[in-house]
Amino acid sequence: MDVKQRILQLRDELHRYNYLYYVENAPVISDKEFDDKMHELMQLEATHPEMEDPNSPSQRVGSDISNEFVQIEHKYPMLSLANTYNRGDVQAFFNRVANGLNGQSFEICCELKFDGLSISITYEKGQLVRAVTRGDGVRGDDVTANVKTIRSIPLKLQGTYLPSFEIRGEILMPWTSFEFLNEERAKREEPLFANPRNAASGTLKSKNSAVVAQRKLDAYFYYLLGDNLPCNSHYDNIQEAGRWGFKISGAMRVVHTIDEIFGFIDYWDKERSHLPVATDGIVLKVNNLRQQEELGYTAKTPRWAIAYKFQAERACTRLNDVIYQVGRTGAVTPVAQMEPVLLAGTIVKRASLHNQDIMEQFDLHRGDMVYVEKAGEIIPQIMGVNKEARSVFLGEKIKFITSCPECGTPLVRYEGEAAFYCPNDATCPPQIKGKIEHFISRDAMNIESLGPETVDDYFQRGLIHDAADLYSLKVEDLAGSEGSKIKSAQKIIDGIEESKNIPFENSLYALGIRFVGKVVAKTIARHFKNIEALLDAHLEDFLCVDGVGEVIANSIISYFHEEKNLNLINRLRQAGVCFEIKDNAGPVSDKLKGKVIVISGVFEKHSREEYKTMIENYGGKNASAISSKTSFILAGSNMGPSKLEKAQQLGVSIISEDDFLMMIK
Ligand code: IVH
């Protein structure tokens with residue numbers, strides 16, 4: 001047998017042994033034999049570089065060449081699931097599905113909810129090509145190199161697989177690996193990971209894939225996406241994926257009744273403690289894909305699925321005090337300050353008390369022993385008081401405040417709302433600062449040169465009272481008389497200036513209109529295209545936008561009814577903030593006319609999005625793949641090796657950021 005054949009044979013064998021060991025849990029050869037074969041393969045590969053294969057089993061060991069994560073847009077956005085914590089909500093979901101399907105019979109697929117981090121992997125022609133994290137759901141980090149080191153994830157598929165598809169699942173650190181890792185870290189006096197999810201996430205974001213390879217991550221897959229899926233039910237598709245080599249959970253069950261669903265929940269609530277990985281609930285999915293489509297989606301979650309979270313872990317500790325936080329909307333949240341206590345793997349000392357009603361219900365007194373739970377959310381919550389633990393010396397009763405702790409204005413409670421608000425949005429400091437902080441945040445205007453401390457400082461110095469004031473700041477205002485600060489002041493002003501190019505969907509989100517999150521802002525911006533159309537819109541106009549209901553619509557309408565908001569928008573527009581979609585605005589120049597440009601790598605001067613917009617504004621066209629039609633590649637640092645190779649093959653020129661900016665000057 002020649003070397004070439006031997007390499008191919010070893011690769012096939014090792015893929016298979018790997019699958020049997022890590023997915024099927026049924027090894028057929030000893031570790032020593034496996035290592036010997038791997039060793040032989042690696043030696044042959046080293047002497048035959050022409051046989052390189054990015055998905056060779058030898059790639060599983062990773063490399064310590066630092067990898068930067070390039071952001072990649074998901075072909076299908078990665079939605080999350082609506083969470084419920086009680087059976088009533090599960091019943092309500094079941095009824096909603098039944099109603100939504102107008103009496104058709106339906107099946108529910110019950111599954112475990114794995115508590116790790118979600119990943120979306122693309123396979124083409126049976127080969128793993130790309131793995132992307134969830135990120136913000138629209139765009140995530142390309143973590144392919146790290147994911148390839150996870151042994152239970154197939155690099156090459158077996159059987160009769162789809163030619164091209166995406167599969168989603170959860171990356172997890174098994175309890176045993178987690179405990180081992182923390183023991184090792186304790187020995188080296190390194191900080192410990194709080195739970196396997198954090199450990200898995202920290203590991204997957206590691207720049208060094210060799211580290212990832214050592215950390216022994218695992219992955220379960222639960223969602224298949226693509227054209228012409230093999231079967232018309234979710235369950236069958238996942239079983240099919242299992243035959244291609246993916247690790248799927250053995251705990252999936254298709255049921256028909258609500259009692260069977262509760263049976264599944266009860267069973268796994270107990271049994272999950274024996275599982276090798278962390279789970280935090282169960283997921284219910286309408287099984288039939290056509291019925292899934294019929295039920296559709298809200299802006300953030302599918303209507304055909306829901307997550308039921310298991311009862312959280314509970315701890316008991318002493319309540320020292322309650323403080324009150326005022327948010328950017330003026331809502332006042334009571335926060336309990338407690339003796340630190342270990343809860344579900346982390347130390348907690350603060351817990352949300354939600355609102356006055358809940359506080360009253362508990363009849364809280366200072367010094368009470370309270371029950372704290374982490375019910376899936378990151379913020380722990382107080383669930384009750386152990387009244388038997390009260391001694392004769394009962395502490396002072398804790399009463400909800402009646403005026404704002406920050407500005408003294410009497411609090412108000414709006415009809416139908418549980419929260420108290422400080423109505424003084426004009427001068428209450430945390431509200432003003434909170435609104436500005438939201439405005440400059442990454443998903444809004446992304447003014448990186450500013451942060452909460454600078455906002456606080458400028459506010460204290462009387463330089464800013466609202467977001468529009470940012471645009472009239474001058475270097476002299478910021479730097480004062482000291483010359484040394486001129487440079488940093490200029491940087492801040494430049495950052496603010498640059499934010500004028502941020503797209504409409506961001507500036508709309510930046511306004512901080514209630515219920516208008518990132519997703520809704522994007523949908524609305526794309527639908528109405530500019531702020532005038534939005535200002536003129538009536539309730540009916542909003543309701544015909546997918547994902548926008550009455551609550552959102554009314555919130556936007558009432559925002560635009562307020563004189564001070566219109567005023568703010570006007571001043572922002574005068575300052576040059578973009579309040580329209582630029583796509584259809586036509587090119588501002590034709591310097592890039594006829595050019596087809598591919599963007600690759602990481603940039604310093606502008607974001608990828610900004611470059612994309614620039615290309616369009618200058619009459620060029622953005623393309624995602626390099627072909628013979630590509631005019632040039634606008635490349636930042638760390639351009640992907642496959643792109644580089646392709647570019648060289650086709651003789652496409654590569655242009656740096658600086659050259660590009662010169663080109664359009
Ligand atoms: S399905 C559109 N199934 O929970 C539906 N998700 O809040 C996509 N998760 O982001 C998700 N186990 O990270 C699905 N069996 C399961 C899951 C699961 C865990 C995670 C996943 C997702 C989050 C939803």
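The values are calculated or read from the model by the stated rules, or taken from the named source; none is laboratory data. Keep in mind that what you see is a predicted model, and the values were worked out from it rather than measured. Please note: Cβ atoms are built from the backbone with ideal geometry, for glycine as well, and neighbour counts cover all protein chains shown. These area figures cover heavy atoms from the full protein model, side chains too; ligands, DNA and RNA do not enter into them. Shrake-Rupley method; radii C 1.70, N 1.55, O 1.52, S 1.80 Å.
Using a probe radius of 1.4 angstrom, the carbon and sulfur fraction of the accessible surface of the chain is 50%. Derived scalar couplings between HN and Hα for region 454-461 equal 5, 4, 4, 4, 5, 5, 4, 7 Hz in order, rounded to whole Hz, by the Karplus curve 6.51 cos²θ - 1.76 cosθ + 1.60 (θ = phi - 60°), x for Gly and Pro.
Put ASP218, ASP363 in order of accessible area, highest first, and with a 1.4 Å probe you get ASP363, ASP218.
Which Cys residues of the chain have no other Cys Cβ less than 4.7 Å away and so no disulfide-compatible partner by this rule? So, CYS109, CYS110, CYS231, CYS316, CYS544, CYS578.
If you scale each eigenvalue of the Cα gyration tensor by 5 and take the root, what three semi-axes come out for the chain, rounded to whole angstrom and sorted largest first? Before the final figure, lay out each step's value.
On the way: eigenvalues 369, 277, 141 Å².
Listed largest to smallest, the semi-axes of the chain are 43, 37, 27 Å.
Spin-label model, LYS32 to LEU644: label points 7 Å out along the Cα-to-beta-carbon direction sit 4.2 nm apart. If the segment from ASP457 to ARG350 were pulled out straight at 0.36 nm per residue, it would be longer than the present Cα-Cα gap by 35.8 nm. Computed from label points 7 Å out along Cα-Cβ, the spacing between HIS561 and GLU183 is 6.4 nm. Relative to the Cα centre, the charge distribution of region 1-96, modelled as +1 at Lys and Arg Cβ and -1 at Asp and Glu Cβ, gives a dipole magnitude of about 640 debye. Here SER80 sits with roughly 50 square angstrom of accessible surface, probe radius 1.4 Å. Here the contact order of the chain, divided by its residue count and restricted to Cα pairs under 8 Å and six or more residues apart, works out to 9 percent. Within the same chain, lysines fewer than 8 places from LYS582 are excluded, and of the rest, those with a Cα less than 16 Å from its Cα are LYS500, LYS522, LYS529, LYS612, LYS621. In the frame of its principal axes, region 423-534 has Cα extents of 48, 33, 21 Å, reported largest first. Sequence-distant contacts, meaning Cα pairs under 8 Å at least 6 residues apart, place the relative contact order of region 212-306 at 23 percent. Beta-bridge orientation, the chain: approximately 85 percent antiparallel, per DSSP, counting only bridges with both partners inside. Per-residue ellipticity at 222 nm, computed for the chain from helices alone with -39500 (n - 2.57) per DSSP H run of at least four residues, works out to -11000 deg cm²/dmol. Note on SER637 and ASP136: with the Förster distance fixed at 22 Å, the Cβ-Cβ geometry gives a FRET efficiency of about 0.45.
Protection proxy ranking of 399-411, 219-231, by the mean of other Cβ atoms within 10 Å over each peptide's residues and highest first, is 219-231, 399-411. Extension gain, ALA625-LYS397: 0.36 nm per intervening residue step, less the Cα-Cα distance, totals 75.5 nm.
Within the full protein context, the accessible area of SER628 is estimated at about 100 Å² for a probe radius of 1.4 Å.
For each pair in LYS595/LYS665; LYS205/LYS474; LYS487/LYS518; LYS300/LYS491; LYS433/LYS485, compute the distance between the two Cα atoms and list the pairs where it is over 27 Å.
Numbers: LYS595/LYS665 16 Å; LYS205/LYS474 39 Å; LYS487/LYS518 33 Å; LYS300/LYS491 36 Å; LYS433/LYS485 23 Å.
Violating the 27 Å limit, Cα to Cα: LYS205/LYS474; LYS487/LYS518; LYS300/LYS491.
Placing dummy labels 7 Å off each Cα toward the beta-carbon, the span from ARG366 to LEU8 is 8.0 nm. A Cβ-based charge dipole, computed about the Cα centre of region 552-665 with Lys and Arg at +1 and Asp and Glu at -1, lands at about 260 debye. Surface exposure of the chain, expressed per residue as accessible area with a 1.4 Å probe, stands at 51 Å². Computing FRET efficiency as 1/(1 + (r/R0)^6) for ASN554 and GLU313, where r is the C-beta to C-beta distance and R0 is 56 Å, gives about 0.90. Extension gain for ASN232-THR298 works out to 21.5 nm (0.36 nm per residue, less the C-alpha to C-alpha distance). Under the convention that each Lys and Arg Cβ holds +1 and each Asp and Glu Cβ holds -1, the size of the dipole of the chain around its Cα centre is about 480 debye. Computed on region 49-89, the Cα convex hull volume stands at 220 Å³ per residue.
To the nearest 0.05, how large is the calculated FRET efficiency for VAL475 and GLU417 if R₀ is 45 Å and r is the Cβ-Cβ distance?
Approximately 0.55, to the nearest 0.05.
Solvent-accessible surface (1.4 Å probe) assigned to GLU550 amounts to roughly 110 Å².
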